[in-house]
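**Student:** Would you mind keeping the following structure in view while I ask a few things?
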Amino acid sequence: MCGIVGFIGVRPAKDILLDGLAKLEYRGYDSAGIAVLEDGLEVEKSVGKLANLVEKLKDKELNATIGIGHTRWATHGKPSDANAHPHTSANKKFAVVHNGIIENYLQLKEDYLNDVCFQSETDTEVVAQLLGKFYDGNLEETVRRVLALLKGSYTLVILCSDYPDLLIACRKANPLVLGVGEGENFIASDVPALLAYTRNCIYPNDGELCFVKREGITIKDSEGKIIEPKIKQILWNAEAVEKNGYEHYMLKEIHEQPDAFRRMLKNRLKDGKVYFEEFTWNKEQAKKWRKIHIVACGTAYHSGLVGRTVFEKLAKIPVEVEIASEFRYREPMLDEDTLVIAISQSGETADTKAALEEGKSKGCKVLALTNVVDSAVAREADYVFYLQAGPEISVASTKAYTTMLLAQYLLAIYLADLRECISQDAYASLVHQLTLLPQYAEKIMLEENLKQLAKLAEEYHDTENLFFVGRGMDWAIALEGSLKLKEISYIHAEAYAAGELKHGTLALITDKTPVIALAVQGKTYDKTLSNIKEIKARDAKVLAVVKEGAEQIDKVVDKVLYLPAMDDMVMPILSVIPLQLIAYYTAKDRGCSIDQPRNLAKSVTVE
Ligand code: M6R
């Protein structure tokens with residue numbers, strides 16, 4: 001969703017702000033703008049892509065060395081130049097960029113700003129106008145007075161024309177990161193905007209005020225006491241957020257999966273044993289858990305559907321998997337013997353965060369699986385397992401999904417061992433299979449296989465409706481395959497439990513509804529084959545995804561995709577990869593905007 005950048009230094013701010021905003025484009029946005037401080041505030045904004053803003057600024061000579069920038073994803077008011085950030089106060093002393101939502105903005109308008117002529121329909125402008133109204137020469141006091149009135153969530157960066165050497169930033173339940181440079185400092189809502197300039201970062205806490213100057217950063221707590229910031233080193237380098245020769249981030253990220261598996265396995269396996277130094281669980285604790293609730297959204301939720309089988313089978317704990325936005329409204333039965341696992345690539349998803357909070361309020365321990373260090377979900381959880389998949393830029397999640405799967409396998413093995421419900425042989429064999437994953441994943445992405453997948457995708461060029469079917473873990477993978485296809489190719493795709501089709505949905509199957517059938521799991525192979533025959537009897541074209549060596553299938557379906565054969569248990573991590581690639585090639589064939597699909601944002605920070 002929205003993105004924020006801020007810069008103060010000796011170089012021209014304009015270029016650094018635009019570059020930072022470009023690095024945040026992936027989050028999804030519909031307008032952009034910057035404000036810099038020359039003799040007075042200079043603001044330029046434009047609806048649409050960042051290129052429009054760049055074009056507007058092309059011939060504008062701006063030498064300012066301090067400024068703020070924003071990419072907006074509309075919540076209050078349609079996408080337009082006027083609604084784009086930064087917003088300014090009527091007296092033109094303040095410019096503000098904001099991520100999040102000011103819930104009481106209408107009330108604040110009524111209570112304090114009746115006499116002000118607003119330039120936009122946004123909630124954010126209220127903050128700028130309040131600052132302008134209350135300002136009496138003491139900037140810190142004014143900011144604190146305004147913050148005390150705000151309800152909702154925010155990251156704010158404030159530029160005041162009376163203070164050419166200072167940016168003020170603060171957060172409440174929204175991400176904020178400060179980049180520490182030499183003689184220059186940076187502000188962003190997300191690390192990719194900073195990586196080209198510094199890897200030394202500070203993650204302020206809710207309620208702290210950050211005073212960012214050229215020569216340094218001062219952070220004060222809510223009482224005004226100065227606190228010593230912790231500087232963390234980001235492990236990603238600037239290249240991690242470039243395409244590195246790939247046509248799209250999505251394709252790059254699909255190809256990064258084997259290395260992401262290797263990294264996680266290297267960090268989590270020692271002498272054939274799974275270990276998590278950061279958890280202080282012992283046997284007694286692990287045996288105490290009577291239930292796991294997995295809460296997540298979208299792709300992360302789909303990973304939980306695979307995780308359910310893995311935890312139940314290995315660690316023998318009953319698992320419920322729930323769409324995070326539904327979780328708390330159902331009043332789930334939770335207690336201190338329940339472990340809540342919140343899964344979120346971004347760690348910012350508002351629904352997942354709310355579900356995590358629901359779990360905590362009921363006394364559950366919460367474990368977060370996330371890819372983003374110090375993200376909201378990571379901060380609030382009792383335990384954190386970082387996926388270390390590297391930055392995922394494409395809106396369509398791929399490597400985050402498969403690393404979420406691998407993470408759950410490792411956790412399940414770890415718990416199974418602590419709960420003494422896995423034999424040594426089974427433990428060793430599973431760990432061995434997991435160590436083979438990277439090379440098997442690479443096999444799927446050999447050049448000749450990619451060509452085959454691109455060719456298969458051509459079949460779906462004009463498709464309007466498509467079905468994915470499967471049973472058990474194959475069904476969970478079918479759900480993820482269908483989400484990938486929907487979100488980037490805009491083809492209506494539905495995933496169905498293969499055995500459930502005949503209870504109604506079979507009525508939709510015709511020669512115009514191609515079907516991708518997953519029949520990877522041995523246990524359900526024969527049954528799925530029967531379901532595929534039912535589909536074939538209705539003239540649908542079927543592509544079957546099976547393990548190498550699968551019998552009879554080639555006589556039943558139109559096309560077969562053979563996957564390298566591993567143990568059924570770990571196959572889901574492999575079998576999703578061709579589905580990601582089919583979605584990718586189909587979207588490419590249809591000329592879609594692959595990395596930034598319409599209407600979608602990378603992190604969804606509204607409920
Ligand atoms: O950052 P999260 O993992 O919490 O995001 C959850 C979903 O919004 C996300 O997985 C979404 O479904 C993706 N666009 C799927 O590719």
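**Student:** Does A493 fit the bill of being outside any helix (DSSP H, G or I), closer than 20 Å to S303 by Cα and touching a strand residue (DSSP E or B) at 6+ places or on another chain (Cβ under 7 Å)?
**Tutor:** Spelling it out, A493 is indeed outside any helix (DSSP H, G or I), closer than 20 Å to S303 by Cα and touching a strand residue (DSSP E or B) at 6+ places or on another chain (Cβ under 7 Å).
**Student:** Now a separate question. What single numbered condition from (1) open to solvent by 50 Å² or more (accessible area, probe 1.4 Å); (2) touching a Cys at 6+ places or on another chain (Cβ under 8 Å) fails to hold for P204?
**Tutor:** Condition (1) is where P204 drops out.
**Student:** Additional query: All but one of (1) surrounded by fewer than 16 Cβ atoms within 10 Å (Cβ to Cβ); (2) modelled with pLDDT of 95 or more; (3) within 22 Å of the chain's Cα centre (by Cα) hold for D165; which doesn't?
**Tutor:** Unmet condition: (3).
**Student:** Residues that are open to solvent by less than 10 Å² (accessible area, probe 1.4 Å), outside the structural domain of L269 (by TED's automatic domain parsing) and within 16 Å of the ligand (Cβ to nearest atom): does the stretch 491-503 have at least one?
**Tutor:** Quick first cut of the stretch 491-503, residues open to solvent by less than 10 Å² (accessible area, probe 1.4 Å) only: 491, 493, 498, 501.
Now drop any that are not outside the structural domain of L269 (by TED's automatic domain parsing), which leaves 491, 493, 498, 501.
After this cut, where a residue has to be within 16 Å of the ligand (Cβ to nearest atom) as well, the list is 491, 493.
Within the stretch 491-503, one or more residues are open to solvent by less than 10 Å² (accessible area, probe 1.4 Å), outside the structural domain of L269 (by TED's automatic domain parsing) and within 16 Å of the ligand (Cβ to nearest atom).
**Student:** Then there's this: Restricting attention to the stretch 187-199, which residues are farther than 17 Å from T124 by Cα, in contact (Cβ under 8 Å) with a residue 60 or more places away in the chain and part of a loop (DSSP other than H, G, I, E, B)?
**Tutor:** Passing the criteria: D190, L194, L195, A196, Y197.
**Student:** In the stretch 554-590, what count of residues is obtained for those that are over 20 Å from P258 (Cβ atoms) and of a type outside the set (S, T, N, Q)?
**Tutor:** Within the stretch 554-590, residues that are over 20 Å from P258 (Cβ atoms) and of a type outside the set (S, T, N, Q) number 12.
**Student:** Moving on. Which of the residues that make up the stretch 282-306 are surrounded by 18 or more Cβ atoms within 10 Å (Cβ to Cβ), out of contact with any strand residue (DSSP E or B) (no Cβ under 6 Å at 6 or more places or on another chain) and not polar (S, T, N, Q)?
**Tutor:** Those that are surrounded by 18 or more Cβ atoms within 10 Å (Cβ to Cβ), out of contact with any strand residue (DSSP E or B) (no Cβ under 6 Å at 6 or more places or on another chain) and not polar (S, T, N, Q): A286, C297, G298, H302, V306.
**Student:** Let me ask another. Mind checking which pairs have a first residue in the stretch 124-136 that is open to solvent by 10 Å² or more (accessible area, probe 1.4 Å) and a second that is among the aliphatic types (A, V, I, L, M) and assigned to a helix (DSSP H, G or I), Cβ under 7 Å, 6 or more apart or different chains?
**Tutor:** Taking only residues 6 or more apart or on different chains, the pairs are F134/V146.
**Student:** All but one of (1) within 16 Å of the ligand (Cβ to nearest atom); (2) over 20 Å from the mean Cα position of the chain (by Cα); (3) not aromatic (F, W, Y) hold for I254; state the number of the condition that does not hold.
**Tutor:** Every listed condition holds for I254 apart from (2).
**Student:** When you scan the stretch 19-31, do you find a residue that is at pLDDT 95 or above and surrounded by fewer than 18 Cβ atoms within 10 Å (Cβ to Cβ), even just one?
**Tutor:** yes
**Student:** Determine if the stretch 441-455 includes at least one residue that is within 16 Å of the ligand (Cβ to nearest atom), under 20 Å from S397 (Cα atoms), outside the structural domain of Q345 (by TED's automatic domain parsing) and in contact with a Pro (Cβ under 8 Å, 6 or more places away or on another chain).
**Tutor:** So in the stretch 441-455, the residues within 16 Å of the ligand (Cβ to nearest atom) come out as none.
Checked the stretch 441-455: no residue is within 16 Å of the ligand (Cβ to nearest atom), under 20 Å from S397 (Cα atoms), outside the structural domain of Q345 (by TED's automatic domain parsing) and in contact with a Pro (Cβ under 8 Å, 6 or more places away or on another chain).
**Student:** So, restricting to helices (runs of 4 or more DSSP H) that lie completely within the stretch 221-315, which ones have at least 1 residues that are small (G, A, S)?
**Tutor:** Output list reads 257-268, 283-288, 298-310.
**Student:** Another question, then. Just the residues that are more than 16 Å from Y440 (Cα to Cα) and assigned to a loop (DSSP other than H, G, I, E, B), please, taken from the stretch 532-588.
**Tutor:** Those that are more than 16 Å from Y440 (Cα to Cα) and assigned to a loop (DSSP other than H, G, I, E, B): A537, R538, D539, A540, K541, A550, E551, Q552, V557, D558.
The rows are residues; the columns are (1) under 28 Å from the mean Cα position of the chain (by Cα); (2) open to solvent by 20 Å² or more (accessible area, probe 1.4 Å); (3) within 21 Å of C297 (Cβ to Cβ); (4) among the aliphatic types (A, V, I, L, M).
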site: L418; (1), (2), (3), (4): no, yes, no, yes
site: D425; (1), (2), (3), (4): no, yes, no, no
site: L446; (1), (2), (3), (4): yes, yes, no, yes
site: A478; (1), (2), (3), (4): yes, no, yes, yes
site: E487; (1), (2), (3), (4): yes, yes, yes, no
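**Student:** In the list K602, K527, K533, which residue meets the criterion of being out of contact with any Lys or Arg (no Cβ under 7 Å at 6 or more places or on another chain) and either basic (K, R) or assigned by TED's automatic domain parsing to the domain that holds L24 (or both)?
**Tutor:** Of K602, K527, K533, the one residue that is out of contact with any Lys or Arg (no Cβ under 7 Å at 6 or more places or on another chain) and either basic (K, R) or assigned by TED's automatic domain parsing to the domain that holds L24 (or both) is K533.
**Student:** Do you know which residues across the stretch 459-473 are open to solvent by less than 20 Å² (accessible area, probe 1.4 Å) and of a type outside the set (F, W, Y)?
**Tutor:** The answer is T463, L466, V469, G470, M473.
**Student:** Within the stretch 345-366, track down each residue that is touching a Leu at 6+ places or on another chain (Cβ under 8 Å) and either free of Cβ contacts under 8 Å to residues at least 12 places away in the same chain or surrounded by fewer than 22 Cβ atoms within 10 Å (Cβ to Cβ) (or both).
**Tutor:** K362, G363, K365 - these are the residues of the stretch 345-366 that are touching a Leu at 6+ places or on another chain (Cβ under 8 Å) and either free of Cβ contacts under 8 Å to residues at least 12 places away in the same chain or surrounded by fewer than 22 Cβ atoms within 10 Å (Cβ to Cβ) (or both).
**Student:** Considering every residue within the stretch 182-199, establish whether at least one is in contact with a strand residue (DSSP E or B) (Cβ under 6 Å, 6 or more places away or on another chain), surrounded by 15 or more Cβ atoms within 10 Å (Cβ to Cβ) and within 22 Å of I594 (Cβ to Cβ).
**Tutor:** Yes, the stretch 182-199 has at least one match.
**Student:** Continuing with this model, one more query. What number goes with the only condition from (1) touching a residue at least 40 places away in the same chain (Cβ under 8 Å); (2) open to solvent by 60 Å² or more (accessible area, probe 1.4 Å); (3) touching a Lys or Arg at 6+ places or on another chain (Cβ under 8 Å) that G100 does not pass?
**Tutor:** (2)
**Student:** Out of the residues in the stretch 277-320 that are within 19 Å of A476 (Cα to Cα) and polar (S, T, N, Q), state the one that is nearest to the ligand (Cβ to nearest atom).
**Tutor:** T299
The values are calculated or read from the model by the stated rules, or taken from the named source; none is laboratory data. All figures in this text were calculated on a predicted structure; none of them were measured in a lab. Every residue, glycine as well, gets a Cβ built from its backbone with ideal geometry; the counts of neighbours run over all protein chains shown. The accessibility values were calculated without ligands, DNA or RNA, using every heavy atom of the protein model including side chains. Shrake-Rupley method; radii C 1.70, N 1.55, O 1.52, S 1.80 Å.
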